[in-house]
Amino acid sequence: MRTKRFLKAATLSLGLIAVAGLPATPFTASATAATIIAQSEHDAKAIEVIEASIVALGGRKKLAAVKSMSQKGTIGIPMAGIEGTISLNIMVPGKMLMEINIPMMGLTLTGLNDGVAWSTDAMNGPQILPEDQAKESIKQADIHSTINYKKLQATIEYVGEVEFDGQAAHKIRLVDHDDSETIDFYSVETHLQIGSETVAATPMGDIKAVTVMKAYKELGGYMTPTIVEQQAGPTTILFTFTDAEYNKVDESIFDLPPAIKALQEINAENAEKAD
């Protein structure tokens, strides 16, 4: 299973860097129409490479059967001597909860439920995220983006065979319907995705972010990159995943916390006064 979007959320919640990547909410009729028009921009060689990666992950039928997932592991920033734990939970349709616990920094929670994206941490307290960040969270909470990539991308272009992280790799350029561009790399030998590149908007400005995906193993019955490195400028964040479960997540964990519900009520009252 791909984890790029969840890792992007993890980095954002730490306020360090932003990266790209994972799967799904229903498309509106207009979005579907735009997708059909964009099919002519899908390169046949690129489609062949991505379809081979889906087979390497277990095939479409197996991936489509996933309705929820939970991954656990560690998160570290080696150059700062920082290490903590991370837990990622997702359920269709569009539910997500991520927990990052780092000593001295405390617990950071980031969630999504019923279109409401939120976060809370010791420094900033509870927050309902603005519309643009909520939209990105909805993308990240799409479990099935790996198999629905044709619908999600307006442009899929095969760039060529290159070297990435010491391996021969297929380089593919993807542009989604919001004009967000990502470069993905797939191993020529294993067909699995081994990395990606994007330009990420961060509080420090636009930064080129590189994700390297390594050490694929079966976790919970699905092929997973157990080591993921995210590099942005001088900062490297290391994720190591040790456990994964599928279709066993308790839906109640995605319930909005009381503090977030209170903020919703305050926002609703303010909106009424403004009217």
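Of note:
- Pairs from the table (K150/K217; K62/K217; K61/K151; K95/K261) lying more than 20 angstrom apart at Cα are K150/K217.
- Rg/Rh ratio calculated on Cα atoms of segment 134-244 (Kirkwood radius): 0.95
- Among M91, M105, the order by Cβ neighbours within 10 angstrom, fewest to most, reads M105, M91.
- Likely footprinting exposure, S137, S68, S53, fewest C-beta neighbours within 10 Å first: S68, S53, S137
- Cross-link partners of K273 among aspartates and glutamates, defined as those whose alpha carbon lies under 15 angstrom from its own and excluding same-chain residues fewer than eight positions apart: E265.
Values in this text are rule-based calculations from the coordinates and carry no lab data. Computed from a prediction, not measured in an experiment: that's the story for all the values here. Cβ: placed from backbone, ideal geometry, glycine included. Neighbour counts: every protein chain shown.
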